[in-house]
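So the structure is just underneath, and the comments pick up after that.
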Amino acid sequence: MMYFLEILQSALDEIRSNKMRSGLTMLGVIIGVASVVLMVAIGRGAQKTVTDRIQNMGTNLLIIQPGRPVQTDVRAFFRRFGGGGGGGSSTSTLTSDDAIALQKQVLGIRALSPEYRSSMQLIVGNQNMQTSVVGVTPSYPLVNNFDVQFGSYITEKHLEGMEKVVVLGQEVTRTLFGTQNPIGKDVRMENGIFTIVGIMEEKGQQGFSNLDDIAFIPLTTMLQRVQGTDRLTAINISVEEQEHMEQVKALVTAVLLNEHRIRAITDQDFNVLNQAEAVETLNEVTQTFTLLLGGIAAISLIVGGIGVMNIMLVSVTERTREIGIRKAIGARKSDILQQFLVESTVLSVLGGMIGILLSFGGALLINYFAGFQAIIATTSLLLALTFSIGVGILFGILPAYKAAKLNPIDALRYE
């Protein structure tokens, strides 16, 4: 132990005696470690941000859309909220009767929200804008975790009377009314006048959609007075228990197959998307993305290791006479090997520790200025530090071996 401490002290003394050179040698390792930790932190932050946004769109969510089944598409969970979305398709296979059948026949449903979505122009005085208008029922806020901030939401009375009332998103409110209170005022939509009864809470950008750029009207009004159809663009279901998601999905599929009189599963004309599956798919994609970023950043750490090896080779050349003297007074090859390996490892470890400190600073700057969360995990710190130790040993072997095999007589003669 004492012998190792002496070698360590000797390595630190050597580093201190060449501060500038040691600092520049460590720079490559510092940048490499900081890059690896930050890239992984950004990847983890992106994963958490998008996953939270999907989960924020509703609890234990199933989304039923018209069309043949496809692989779970994360974008579907964003597109259904806004961002201009297209109008309802004339080939839609979902109807209001389907929603009623699901509500009656499927157990385990917490709430069900049918909807019809279309892009429309809203006009107030000389102000106008194109936005996504959604025909909904009163259960929409519960299913989609999207509440009213001011006024009221669509009620059963609005549905029964097919009333021309509308609830606006925050962005629509700002564009059409500025800082005015719009509740009770009118807005023109599809050649009809709608009265504003409520303003939704601020939601912001969620993936592919701006959830504040949206307006809601009663589903009956949308279907019968605006669009003249009984078709739906989606049915959203909130399941009571997470562990029953697959069971409820299977029941939903069975009920709709029966309602649509479809015998062969291959002829299925609707698609049931599972929120849990979307999150799992997203996690797989972001993990791959994180590994890619970490791999790219690791290249700079390898370059830093090459810098360490280069400087250690120079150090061996400069200290050839010192090595000869040590061997002449009894130092073994293993002693010389350990000395130079410890020096290269100390350089890499110091660089790694400084790089970790810099990565924390970088993460704070990203969180503060970019409005983006970078999450530094303990595992990535340990991995980066382990990698820097490995770099020190790996790239220190050649210089250490070169020093250890020097002939003491030739070394003493070296000038």
Inspect segment 63-79 for any residue being modelled with pLDDT of 65 or more, of a type in the set (A, V, I, L, M), at negative phi and in contact with an Asp or Glu (Cβ under 6 Å, 6 or more places away or on another chain) and give the result as yes or no. no
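For Asn283, indicate whether it is in contact (Cβ under 8 Å) with a residue 12 or more places away in the chain, farther than 30 Å from Val133 by Cβ and polar (S, T, N, Q).
Yes: the conditions hold for Asn283.
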Taking Ser344 as meeting all but one of (1) under 22 Å from Leu8 (Cα atoms); (2) modelled with pLDDT under 80; (3) crowded, with 17+ Cβ neighbours inside 10 Å, write down the number of the exception. (2)
For helices (runs of 4 or more DSSP H) lying entirely in segment 94-161, having 1 or more residues that are basic (Lys, Arg) picks out 96-105, 156-160
Please go through (1) surrounded by 22 or more Cβ atoms within 10 Å (Cβ to Cβ); (2) under 34 Å from the mean Cα position of the chain (by Cα) for Glu202 and return the number of the only condition it doesn't satisfy. (1)
What are the pairs with Cβ atoms under 6 angstrom where one residue, in segment 287-314, is under 24 Å from Thr379 (Cβ atoms) and the other, located anywhere, is hydroxyl-bearing (Ser, Thr, Tyr)? Sequence gap at least six, or different chains. Ala297/Ser35; Ser300/Ser35
Right, Ile196: hydrophobic (A, V, I, L, M, F, W, C) and either touching a Pro at 6+ places or on another chain (Cβ under 7 Å) or not in a strand (DSSP E or B) (or both) or not? yes
List the pairs whose first member sits in segment 147-175 and is under 16 Å from Ser132 (Cβ atoms), whose second member is among the basic types (Lys, Arg), and whose Cβ atoms are under 9 Å apart, counting only residues at least 6 apart or on separate chains? Gly169/Lys203; Gln170/Lys203
When only residues in segment 223-269 that are charged (D, E, K, R), touching a residue at least 60 places away in the same chain (Cβ under 8 Å) and part of a helix (DSSP H, G or I) count, which is surrounded by the fewest Cβ atoms within 10 Å (Cβ to Cβ)? Arg225
Identify the residue in segment 94-117 that is in contact with an Asp or Glu (Cβ under 9 Å, 6 or more places away or on another chain), small (Gly, Ala, Ser) and closer than 21 Å to Arg68 by Cα and, among all such residues, is modelled with the lowest pLDDT. Ser96
Counted residues, segment 341-363 - those being of a type in the set (A, V, I, L, M) and more than 16 Å from Ala374 (Cα to Cα): 8
Count of residues meeting criterion [among the aliphatic types (A, V, I, L, M) and within 30 Å of the chain's Cα centre (by Cα)] in segment 138-184: 5
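The values are calculated or read from the model by the stated rules, or taken from the named source; none is laboratory data. Keep in mind that what you see is a predicted model, and the values were worked out from it rather than measured. Ideal geometry is used to build each Cβ from the backbone, glycine not excepted, and the neighbour counts take in all protein chains shown.
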